[in-house]
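In what follows, a structure is listed as structure tokens, so that the remarks can point back to it.
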Amino acid sequence: MTEALLKVRDLKIGATVYPPGEKPHDIEIVHGVSFDLAPGKVLGLIGESGAGKSTIGLASMAYGRGGVEITGGEVWVNGRDILKTSHGDIRKLRGGEVTYVSQSAAASFNPAKKIMDQVVEAAVEQKKFSRKEAEGRARELFAKLGLPDPDNIGERYPHQVSGGQLQRCMTALALCPEPDLVVFDEPTTALDVTTQIDVLMAIKEAIADTGVAALYITHDLAVVAQVSDDIMVLRMGNTVEYGNTDQIINNPQEEYTQALVSVRSIEHEEKKPTPDPVLSVDGITARYKGLNFDVLHNVNVELHPGQTLAVVGESGSGKSTLARVITGLLPPRDGEITFSGRKLSGDLKGRTREDLRELQMIYQMADVAMNPRQTVGTIIGRPLEFYFNMRGAEKRKRIIELLDEIELGEKFMDRYPAELSGGQKQRVCIARSLAAKPKMIICDEVTSALDPLVADGILKLLLDLQKIEDVAYLFITHDLATVRAISDSIAVMYQGRVVRYGPKSQVLSPPFDDYTDLLLSSVPEMHLGWLEEVVAHRKMESAGN
Amino acid sequence: MHPIIKLVSQRLALGFLLLFGASALIFGLTEALPGDAAQAVLGQAATPEALANLREEMGLNRPALTRYFEWLGGIVQGDLGQSLTNKLDIAESIGSRLGNTLFLAFWAAVVSVPLAIFLGLLAVRYRNRWPDKLISAVTLTTISIPEFLIGYVLVYFVAVKLGLFSPLAMINDSMSFWQKLNSIALPVIVLTLVVLAHMMRMTRAAILNVMQSAYVETAELKGLSNFQVIYRHAFPNAVAPIVNVVMLNLAYLVVGVVVVEVVFVYPGMGQYLVDHVTKRDVPVVLACGVIFAAIYIGLNMIADIVAILANPRLRHPK
């Protein structure tokens with residue numbers, strides 16, 4: 001093996017935390033991690049939030065975000081320990097030898113400067129290229145990364161290009177100074193699946209063409225399997241498993257890795273439609289105030305009692321707008337909504353308390369959907385008081401029942417939201433909506449902000465609760481794996497229209513319309529070479545047309 | 001229409017509306033004061049007949065609204081009217097004094113604005129270390145001491161003891177430019193000390209706020225030096241709030257110098273205004289008030305427009 005470009009030995013990273021009501025104290029967030037990266041190779045760092053993967057990535061640039069500090073170990077880049085080198089040498093390292101691609105290019109580009117100025121800045125500042133050479137290089141990279149109009153796109157400001165394009169510009173920014181190593185920190189997580197696949201391919205080809213080494217950080221094992229040579233699985237600052245990609249994906253040794261590999265494998269048998277739907281949406285057309293175009297066009301869907309309708313689409317497809325119309329937050333311009341046999345008023349003010357009780361909602365961001373100053377018991381108890389006038393022992397008994405149903409139990413009653421994990425918060429939100437004994441719950445991206453294993457747990461819980469409480473779900477998501485796991489019927493939305501609708505088995509079987517085909521084929525699959533297969537398949541198809 | 005032209009013209013229209021409102025307010029307030037110009041000229045011992053005659057002569061017995069609109073009609077044609085008490089043309093009397101006030105304010109701004117921004121940048125660069133604390137301590141001390149006290153202290157130590165600058169800031173047309181500058185040195189220093197803290201603190205806060213953003217992290221990870229990160233990436237995005245507070249302070253330099261002018265016996269607008277308020281000379285007070293209001297509104301409007309222009313989303317729409 002050649003001499004390692006990046007050699008990390010027993011890396012320990014700490015941070016100072018400021019818990020409310022306690023004295024600030026130091027904690028360790030990475031507990032002695034070691035790995036090697038040879039020139040031109042890609043190492044995937046994978047783990048859930050809090051695993052320390054971004055922190056380790058930034059440590060390879062001797063950088064600590066916020067109050068984070070490297071407390072021990074060695075980080076060798078190009079033959080020297082960068083934790084012991086001079087301040088001036090670290091500046092040469094950052095932006096010269098090691099560069100960084102962040103999760104959100106939209107936030108990482110300076111809004112006040114042209115893209116080109118930012119892309120060439122490091123290369124010029126590090127005296128690797130003259131301004132003119134660097135600009136030429138940037139244009140080559142723009143072309144290589146498949147950006148439109150590569151000769152002029154650099155003259156634009158960041159807000160003038162799309163999110164996927166900006167993410168590619170960020171990759172160009174990182175590659176422009178000809179670094180030896182690029183740290184990719186969740187570079188495709190914020191993108192839609194159909195955009196993700198293009199950016200992923202662009203990154204992979206750019207890595208291959210330039211021969212640069214890379215640390216690829218993500219929580220999505222299926223994604224990292226497509227780009228990396230080796231994978232390190234991290235959990236709470238410790239290495240769980242470290243090996244080559246083939247071994248990790250096909251022959252994981254540790255239980256935790258096995259769980260990550262087999263995630264998204266919930267099986268759910270589709271139920272047959274009933275004669276009386278609990279919700280039927282007929283010809284809904286809607287627009288927002290101040291806009292002169294419709295956001296929803298003639299939407300027709302039905303949801304049957306005790307079943308799940310998944311509404312799937314990318315950002316901007318109108319799926320959340322549909323939820324707003326059903327809840328009455330956005331009165332439709334045309335069409336009507338029938339709910340448990342009665343016509344619903346388009347405006348929230350026209351709805352009865354019974355309408356409100358029977359139609360509940362769970363949100364993506366559980367932590368902002370709860371009052372941080374109320375205990376879990378108060379939060380779940382509120383709908384019991386409001387809808388059923390429950391008080392005292394009766395209310396307490398019901399709260400405990402609900403806490404048992406969401407698998408948390410009585411001991412959580414007096415806790416505050418801040419003391420709960422992300423998954424536990426979402427469970428409390430589920431209990432709060434169930435407390436109203438609804439006929440239907442709108443679930444708006446309820447698992448999107450959660451780590452895969454936690455999200456799996458929430459989906460299983462929702463399915464179990466559906467059996468017990470006989471509640472129907474309108475499940476809004478952009479994630480097709482979630483759709484497969486939970487739905488009985490599916491509506492695919494694109495640009496405000498339902499482009500495909502029917503029972504799950506029918507929607508997910510060919511022949512597909514173009515958009516559904518694109519959407520389905522873009523979901524990363526957990527096997528090696530998937531990315532190349534999809535891209536080759538698409539090239540063949542477009543050649544055929 | 002380009003969105004910027006639209007926004008700027010909206011601001012301009014709003015500015016004129018505000019100016020009109022300010023003039024009505026000033027007129028109303030001078031009317032509400034007890035006594036009038038006739039009373040002030042004739043004094044306590046005046047007979048009712050003499051008062052009535054003088055009011056007739058000054059036109060004070062006509063309804064307030066008529067007088068206001070007469071005056072407004074004059075203003076629109078650029079005529080500020082005549083002083084009630086000494087019959088001099090107001091525009092002429094104000095002319096040279098306004099020039100003096102602006103001269104003083106201009107040099108105070110030339111010294112204080114760059115100094116405040118530079119100190120703000122320095123405070124960010126050495127945040128929470130001794131230079132930051134020293135800058136904050138000194139500027140907060142000078143803003144906390146009344147400006148007339150600073151003025152007298154400077155006169156005593158700098159002018160009298162050290163004999164460096166003139167203790168009186170008298171200027172006239174026969175003086176050369178350098179003589180004038182020498183003459184206003186002390187008031188400029190006092191004004192600078194008064195406005196420095198506000199602008200420095202705002203610069204520091206605005207830049208620190210921007211320093212939390214992801215694009216500053218990107219800049220740091222490019223290996224730029226701390227100063228490069230601050231002035232290339234943080235400063236351009238902190239311009240809007242900084243310009244706002246700078247303009248407020250510039251307006252203060254013009255409008256709020258009354259006390260400093262009195263301390264240094266400087267022939268500016270402040271003294272002129274104070275004199276005529278005691279004489280209840282409404283046209284003069286109105287004229288000064290409207291000029292001050294126009295300067296205030298104008299500077300704040302510039303701040304607004306700069307803030308709009310600093311936003312690349314408005315400058316370069318999709």
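The values are calculated or read from the model by the stated rules, or taken from the named source; none is laboratory data. Since this is a predicted model, take the numbers as computed values, not measurements. Virtual Cβ from ideal backbone geometry, glycine too; neighbours counted across all protein chains shown.
Just to be sure, is A:Phe142 crowded, with 24+ Cβ neighbours inside 10 Å and over 25 Å from A:Leu58 (Cβ atoms)?
Here the answer is yes, as A:Phe142 does meet what is asked.
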query = Given the conditions (1) crowded, with 22+ Cβ neighbours inside 10 Å; (2) away from chain B (no Cβ under 13 Å), and given that A:Thr189 satisfies all but one, which numbered condition is not satisfied?
reply = (1)
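Yes or no: A:Leu330 touching a Ser or Thr at 6+ places or on another chain (Cβ under 9 Å), under 13 Å from A:Ser280 (Cα atoms) and touching a residue at least 12 places away in the same chain (Cβ under 8 Å)?
It is false that A:Leu330 is touching a Ser or Thr at 6+ places or on another chain (Cβ under 9 Å), under 13 Å from A:Ser280 (Cα atoms) and touching a residue at least 12 places away in the same chain (Cβ under 8 Å).
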message = Exactly one of these conditions fails for A:Val368: (1) more than 19 Å from A:Gly496 (Cβ to Cβ); (2) without any contact (Cβ under 8 Å) to a residue 24 or more places away in the chain; (3) over 29 Å from the mean Cα position of the chain (by Cα). Give me its number.
response = (3)
inquiry  = Under 6 Å between Cβ atoms, which residue pairs at least 6 apart in sequence (or on different chains) link something in the range A:21-49 that is without any contact (Cβ under 8 Å) to a residue 24 or more places away in the chain with a partner that is in a strand (DSSP E or B) and polar (S, T, N, Q)?
reply    = A:Pro24/A:Thr16; A:Asp26/A:Thr16
task = Among residues belonging to the range A:51-85 that are of a type outside the set (Gly, Ala, Ser), touching a residue at least 60 places away in the same chain (Cβ under 8 Å) and not in a helix (DSSP H, G or I), point out the one that is nearest to the other protein chains (Cβ to nearest Cβ).
result = A:Met61
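For (1) outside the structural domain of B:Val263 (by TED's automatic domain parsing); (2) within 24 Å of the chain's Cα centre (by Cα); (3) at pLDDT 80 or above, each residue gets a yes or a no:
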site: B:Thr139; (1), (2), (3): no, yes, yes
site: B:Ser144; (1), (2), (3): no, yes, yes
site: B:Phe148; (1), (2), (3): no, yes, yes
site: B:Gly151; (1), (2), (3): no, yes, yes
site: B:Val155; (1), (2), (3): no, yes, yes
site: B:Lys161; (1), (2), (3): no, no, yes
site: B:Ala169; (1), (2), (3): no, yes, no
site: B:Ser174; (1), (2), (3): no, no, no
ask   = Counting just the residues of the range A:364-377 that are surrounded by fewer than 16 Cβ atoms within 10 Å (Cβ to Cβ) and polar (S, T, N, Q), which one comes out nearest to A:Gly392 (Cα to Cα)?
value = A:Gln374
message = Please determine whether any residue of the range B:270-280 is more than 12 Å from chain A (Cβ to nearest Cβ), out of contact with any His (no Cβ under 6 Å at 6 or more places or on another chain) and of a type in the set (Phe, Trp, Tyr).
response = yes
inquiry  = It is to be established whether one or more residues within the range A:23-46 are within 14 Å of chain B (Cβ to nearest Cβ) and of a type in the set (Val, Ile, Thr).
reply    = no
key: Filtered residues of the range A:139-161 (kept if within 14 Å of chain B (Cβ to nearest Cβ) and either more than 24 Å from A:Ala190 (Cβ to Cβ) or in contact (Cβ under 8 Å) with a residue 12 or more places away in the chain (or both))   = A:Asn152, A:Ile153, A:Gly154, A:Glu155, A:Arg156, A:Tyr157, A:Pro158, A:His159, A:Val161
query = Could you say which residue among B:Thr30, B:Thr66 is part of a helix (DSSP H, G or I), β-branched (Val, Ile, Thr), more than 30 Å from B:Asp304 (Cα to Cα) and without any contact (Cβ under 8 Å) to a residue 60 or more places away in the chain?
reply = B:Thr66
Among the candidates A:Leu291, A:Leu359, A:Leu348, residue that is buried (at least 18 other Cβ atoms within 10 Å of the Cβ) and either within 20 Å of A:Met493 (Cβ to Cβ) or in the same structural domain as A:Lys437 (by TED's automatic domain parsing) (or both) = A:Leu359
request  = May I ask you to list the residues in the range B:128-142 that are loosely packed, with under 15 Cβ neighbours inside 10 Å and not hydrophobic (A, V, I, L, M, F, W, C)?
outcome  = B:Asn128, B:Arg129, B:Pro131, B:Lys133, B:Thr141
request  = Would you check which residues across the range A:116-138 are more than 10 Å from every other protein chain (Cβ to nearest Cβ), of a type outside the set (A, V, I, L, M, F, W, C) and within 19 Å of B:His233 (Cβ to Cβ) and list them?
outcome  = A:Arg131
inquiry  = Just to check your reading of the model, which residue among B:Pro283, B:Pro312, B:Pro317, B:Pro236 is more than 16 Å from B:Leu104 (Cα to Cα), modelled with pLDDT under 85 and surrounded by fewer than 19 Cβ atoms within 10 Å (Cβ to Cβ)?
reply    = B:Pro317
query = Counting only residues that are surrounded by 15 or more Cβ atoms within 10 Å (Cβ to Cβ) and part of a loop (DSSP other than H, G, I, E, B), which one in the range A:86-108 is nearest to the other protein chains (Cβ to nearest Cβ)?
reply = A:Gly95
note = Of (1) within 14 Å of chain A (Cβ to nearest Cβ); (2) in contact with a Ser or Thr (Cβ under 7 Å, 6 or more places away or on another chain), B:Leu196 fails just (1)
query = Could you say which residue among A:Ile476, A:Ile490, A:Ile486, A:Ile458 is at pLDDT 85 or above and farther than 30 Å from A:His297 by Cα?
reply = A:Ile458
ask   = How many residues are facing chain A (nearest Cβ under 9 Å), crowded, with 22+ Cβ neighbours inside 10 Å and under 33 Å from the mean Cα position of the chain (by Cα) when one looks only at the range B:208-233?
value = 1
key: Matching option when the condition is assigned to a strand (DSSP E or B) and either aromatic (Phe, Trp, Tyr) or over 24 Å from B:Glu217 (Cβ atoms) (or both), among A:Asp10, A:Asp26   = A:Asp10
inquiry  = Quick test for you: out of A:Lys132, A:Lys127, A:Lys113, pick the one residue that is surrounded by fewer than 24 Cβ atoms within 10 Å (Cβ to Cβ) and within 24 Å of A:Leu6 (Cα to Cα).
reply    = A:Lys127
note = Scanning the range A:499-520 for residues that are more than 19 Å from A:Ser489 (Cα to Cα) and touching a residue at least 24 places away in the same chain (Cβ under 8 Å) gives A:Leu518
